[in-house]
Amino acid sequence: MRRSEFDRAVAEEFGGGAAFVLTDVSLPGCGGRTAARALADGDAPREVWLALCAEMDVPGSRRYGVGRLDPRSR
């Protein structure tokens, strides 16, 4: 997962609350850091996304493959 995909996935999943989720929710899967801190510390966006999903009870069906753009039609 690229950082841009992470950002899209967070925006799609959490909408207007995305900023709060990134900066205020402590993630046990990231050593108790917030998603924003974990990313700033160099953690992989995919690992942070999965930790965020686990903490926020995002269903498995919405955890994988999100954030990707639809392929361009030829």
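The values are calculated or read from the model by the stated rules, or taken from the named source; none is laboratory data. On a predicted model such as this, the values are computed, not experimentally measured, just so you know. Reconstructed Cβ throughout: ideal geometry from the backbone, glycine too, with neighbour counts over all protein chains shown.
A few comments on the model shown:
- Given (1) at pLDDT 90 or above; (2) out of contact with any Leu (no Cβ under 6 Å at 6 or more places or on another chain), index of the condition Glu55 fails: (2)
- Flag for Gly29 being surrounded by fewer than 12 Cβ atoms within 10 Å (Cβ to Cβ) and not hydrophobic (A, V, I, L, M, F, W, C): no
- For the chain, the helices (runs of 4 or more DSSP H) that sit wholly inside it and include 1 or more residues that are in contact (Cβ under 8 Å) with a residue 60 or more places away in the chain are 3-14.
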